[in-house]
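First comes the structure, then the notes that go with it.
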C-alpha cells in the first residue's frame, strides 16, 4: 500500500444476520447491472417500504418546525429551524438515499475533488444545532417532558404558563403529529425518519442491515472483492475489500483530502467499474432482501399501509407549514 495516501474513513460495521433474515444463500434471481451503471438508477427491494429520501428530508424539516411552534405556544424562546438551501437539501437527501456510498465510493467526478471524503456543504447562515445545556430548565422540561435533574416524566402533571406539558414534551408531540397512525406507537412499530419500522431494531431497518452483512459474506461477492483487490494491487494499493479501502490511511480525520487520497479513491472507483463490484453486490443483496421480504410478507404489508398514511400526513403538514 502507498503509505503516503490519505483519506477520510469509510467505516462499515457488519452486523450478524438476525431473526428477520433468510437462512442460507438465496437463489440468484436479480439481473446483474452492467459495469458503470449509475448508482442513482439502482434501488434495493427494501426501498419499497421506506419513505422516499426527499420525504425523509421534509419529515425532518417539519419536525423542527413543529417543535419550534410548540415551544412558542408555551411562551418559551427556542431557536428557529435552520434555513434550507439547495446544497443542504442535497446533502440531507444523499444521507437518506439507501444506495448512496453503500458499497463505498462510486462517482469518479466526486472523488476527483473529494477523494473518500463526503463533499462538504457550503457554509450557510443556518442556526447552530440546539444544545440542551444551553437551554434553561423550564425550556428543557417542555421540550422533552422530563425533569432535567432526574429525567423523570412530568407530562400531564406539570403545567407551563397554564398549559399541561404533553407526553414526551414538544418533541413527543411533534413526533406523534408526524406518525402514520396517530399517537399509539403500537400501531406503527419502531418509527424512524424513513418511516414505520425504520428505527433501530425495526423490521425494515433489520432487513436492510442484515442483507448488507449477508451479501458482503456471500461467495459471489467475496469473489468480486478478490478481483477488485487484485485490480487495486496492480494500481499500487494493498487493500482486501472495498469496505476496508481506507483502514490504513492516515488522514481519516483530516478536513480535506490530499493528493494521495484522491489518487487511491480514483483507483478504487476505476477498479469497481472494471470488476463490476457494484452490479454484482447489488444483485446479490437484492436476492437476500427479496427472501427476507417474502418471509415477512404479512408484517411488511402492514408497514406499507402505514407508510402510505404517513406520506399523506407529511404532505398535508408540508403544505400547511410551507416545508
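Can you check what the Kirkwood hydrodynamic radius comes to for the chain, Cα pairs only, in Å to one decimal?
Result for the chain, one decimal place: 22.0 Å.
Give the shape of region 261-323 as rounded, prolate or oblate, defined through the alpha-carbon gyration tensor: a ≥ b ≥ c are the square roots of its eigenvalues, a/c under 1.5 means rounded, and otherwise the shape is prolate if a/b is larger than b/c and oblate if not.
oblate
Take peptides 108-120, 273-285 and line them up by average Cβ neighbours within 10 Å, highest first, as a rough protection proxy.
273-285, 108-120
Where does helix 53-73 land angle-wise versus the long Cα axis of the chain, in degrees 0 to 90, nearest 10?
Relative to the chain, helix 53-73 is tipped by roughly 20 degrees.
Mind pulling up the Rg/Rh value for region 66-116? Radius of gyration and Kirkwood radius, both on Cα.
Here the Rg-to-Rh quotient is 1.25.
Give me the percent relative contact order of the chain, please, defined on Cα pairs under 8 angstrom at least 6 residues apart.
37 percent
Helix 219-234: angle to the longest alpha-carbon principal axis of the chain, degrees 0 to 90, nearest 10?
The angle comes out at about 70 degrees.
Working from Cα positions, state the angle (0 to 90°, nearest 10) between the long axis of helix 169-178 and the longest principal axis of the chain.
Helix 169-178 sits at roughly 60 degrees to that axis.
How would region 70-179 be classified by its alpha-carbon gyration tensor: rounded, prolate or oblate, with rounded meaning a/c under 1.5 and the a/b versus b/c comparison settling the rest?
prolate
Mind sorting 141, 294 by how few other Cβ atoms lie within 10 Å of their own Cβ, fewest first?
Taking fewest neighbouring Cβ atoms as first place, the list is 294, 141.
Computed from the mean reciprocal separation of all distinct C-alpha pairs, what Kirkwood hydrodynamic radius does region 212-323 have, in Å?
17.4 Å
Values in this text are rule-based calculations from the coordinates and carry no lab data. For clarity, every value in this text was computed on a predicted model and none was experimentally measured. Here the Cβ is made from the backbone with ideal geometry for all residues, glycine too, and neighbour counts use every protein chain on show.
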